[in-house]
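Heads up: the structure comes next, in structure tokens.
The values are calculated or read from the model by the stated rules, or taken from the named source; none is laboratory data. These numbers come from a predicted model, not from an experiment. A quick note on method: Cβ atoms are made from the backbone with ideal geometry, for glycine too, and the neighbour counts reach across all protein chains shown. With ligands, DNA and RNA removed, areas are computed over all heavy atoms of the protein, side chains included. Shrake-Rupley method; radii C 1.70, N 1.55, O 1.52, S 1.80 Å.
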Amino acid sequence: MPILCVNVDHVATLRQARLGQEPDPVTAAQMVELAGACGVIVHLREDRRHIQDRDLAILRRTVRTKLSLEMAATEEMRSIALETGPDMVCLVPEKRRELTTEGGLDCLGREDELRDFLAPLHAAGVRSSLFIDADHRQIEAAARTGAEYVEIHTGHYADAEDRTRRKDELTRIIEAIRRAQAAGLRVNLGHGLNYTNIQSFAKVPGIFEYSIGHSIISRAVLLGLDRAVRDMVEIIRTFAD
Ligand code: PXP
């Protein structure tokens, strides 16, 4: 059965909107684990727009399931990963101006560079994944880097504007999953997955992990709003006593 790992970056996005203490992604991670997720994911970006170094350090001490670190393939990030020791790193391309990760990592022609980059992490017992587009050339290149996993980018499928394009993207992803498995890679899926579009993968065999953030945190905000307002109304009512 596939596992669910939850990306808590957007809890930190909300905190960083006020540069304050709450909501704390560390607390969110604990709730995610208690609710049955098999792992917690954070993306430590170069610009630290959401997750902070402090979050990663505390999460390493507190996450009991699996801690995955999404990161760019830079020296800075590798040093942090080696120091922190997440269970897995997922290499992603990173642009300063993007709203979120926009596309898969380009592995073509970078196999040796990526292999060298990953080697110290593997030696330290950190597993590795490459976030790639559903493209057979990228899959074959990824397999040559020594990474154990690929995460296939589902964002183009999630964002497809019409049924034909959505169907084409789904076909591409399903074919990519098959090829990656044939190349000996474990397959994760992520980006733009939500409570509706995830159903398309129900019958696809061999998916190891779903990496989901935005839709879960969005749902949490709306589901929690009723309780949050009631709590404040109750406090204000007590002023009259
Ligand atoms: N996988 C990767 C590599 C990502 O960069 C992200 C976004 O941080 C996700 C999965 C989660 O995507 P979403 O927030 O759309 O569920």
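Taken as a whole, the condition of being away from the ligand (no atom under 14 Å from the Cβ), among the acidic types (Asp, Glu) and open to solvent by less than 40 Å² (accessible area, probe 1.4 Å) does not apply to Asp9. Put simply, of Arg54, Arg45, Arg61 the only residue that is more than 17 Å from Leu118 (Cβ to Cβ), within 16 Å of the ligand (Cβ to nearest atom) and among the charged types (D, E, K, R) is Arg45.
Filtering segment 25-54 to residues that are touching an Asp or Glu at 6+ places or on another chain (Cβ under 8 Å) and among the acidic types (Asp, Glu) leaves only Glu46.
Selection of helices (runs of 4 or more DSSP H) fully inside segment 88-165 by the criterion of at least 3 residues being within 15 Å of the ligand (Cβ to nearest atom), under 30 Å from Thr13 (Cβ atoms) and open to solvent by 10 Å² or more (accessible area, probe 1.4 Å) returns 155-159.
Against the conditions (1) closer than 22 Å to Arg115 by Cα; (2) without any contact (Cβ under 8 Å) to a residue 12 or more places away in the chain; (3) within 14 Å of the ligand (Cβ to nearest atom), Leu14 satisfies every one except (1). Among the candidates Thr101, Thr62, the residue that is hydroxyl-bearing (Ser, Thr, Tyr) and free of Cβ contacts under 8 Å to residues at least 40 places away in the same chain is uniquely Thr62. Out of the residues in segment 199-241 that are of a type in the set (A, V, I, L, M, F, W, C) and assigned to a strand (DSSP E or B), which is farthest from the chain's Cα centre (by Cα)? This residue is Ile207.
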